[in-house]
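The values are calculated or read from the model by the stated rules, or taken from the named source; none is laboratory data. These numbers were taken from a predicted model, which means no experiment stands behind them. When we count neighbours, we look across all protein chains shown, and the Cβ atoms used for this are built from the backbone with ideal geometry, even at glycine. In case anyone asks, the SASA skips ligands and DNA or RNA and just uses the protein heavy atoms, side chains included. Shrake-Rupley method; radii C 1.70, N 1.55, O 1.52, S 1.80 Å.
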Amino acid sequence: MQVIIISIVFMISFFSLPVHAQEETGSKKPGAISAADEIIQMRSTLAQNFIKPDMEITEETFKNVCGAVAKRVKEIMEKDGYKIRHASAKNRNPVNAATPEEIVILDTFDHNREIKGQWDEVETGGKKFQMYMKPIFVEDACLACHGAKDKRPQFIVDKYPEDRAYDFRTGDLRGMVEVMFGEN
């Protein structure tokens, strides 16, 4: 199983076009879009490969899917200088709780499914940043951890006592990935 995980992560990383670094064009926007797409696609691929109907979801499964994605997010941030965040109105980890401004964007994504991503300019600490936001929608494999409240794996119940990321259905908006970078 570990060999499969390593192979999938390697293939995703190796075969992804190296568009994160955009020195040639002077713009990091294409790389931000690519990073968001890669993160969402990686989560989807890993979930589909590791989570099968009626299987018991363990901490090992969680690490193989969500843990691998978190590791890749960290690699992209370190390599390309992006700040990447997951935000959700129904978050599992309190760190991912959407702000009031993010809730407005999430509502826009939820009510306008044709919007595949959105740019915004934000200011923090007197500096301007560009931010790309891309919605994440629930797939069948996601329901193993994000389905009915009473069917969540026990380790999730124990680890996230304030969990709100349940009772989703396939196709629901789960949240969004944000990729932010400073203006040059």
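Numbers below:
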| item | result |
| --- | --- |
| Residue match in region 91-105 (condition: among the β-branched types (V, I, T) and in contact with a Gly (Cβ under 9 Å, 6 or more places away or on another chain)) | no |
| Some residue of region 80-94 being surrounded by fewer than 11 Cβ atoms within 10 Å (Cβ to Cβ) and more than 20 Å from R169 (Cβ to Cβ) | yes |
| Among the residues listed as A141, A98, the single one being surrounded by 13 or more Cβ atoms within 10 Å (Cβ to Cβ) and more than 30 Å from S27 (Cβ to Cβ) | A141 |
| Complete set of residues in region 158-173 that are open to solvent by less than 50 Å² (accessible area, probe 1.4 Å) and either modelled with pLDDT under 95 or not small (G, A, S) (or both) | Y160, D163, Y166, F168, D172, L173 |
| Top-ranked residue in region 43-60 [being under 19 Å from T170 (Cβ atoms) and assigned to a helix (DSSP H, G or I); ranked as nearest to the chain's Cα centre (by Cα)] | R43 |
| Criterion violated by F155 - all others in (1) over 21 Å from Q41 (Cβ atoms); (2) surrounded by fewer than 18 Cβ atoms within 10 Å (Cβ to Cβ); (3) out of contact with any helix residue (DSSP H, G or I) (no Cβ under 7 Å at 6 or more places or on another chain) satisfied | (3) |
| Top-ranked residue in region 33-70 [being more than 16 Å from R152 (Cα to Cα) and without any contact (Cβ under 8 Å) to a residue 12 or more places away in the chain; ranked as most open to solvent (accessible area, probe 1.4 Å)] | A70 |
| Among the residues listed as D80, D167, D163, D120, the single one being on the phi > 0 side of the Ramachandran plot, in contact with a helix residue (DSSP H, G or I) (Cβ under 8 Å, 6 or more places away or on another chain) and charged (D, E, K, R) | D167 |
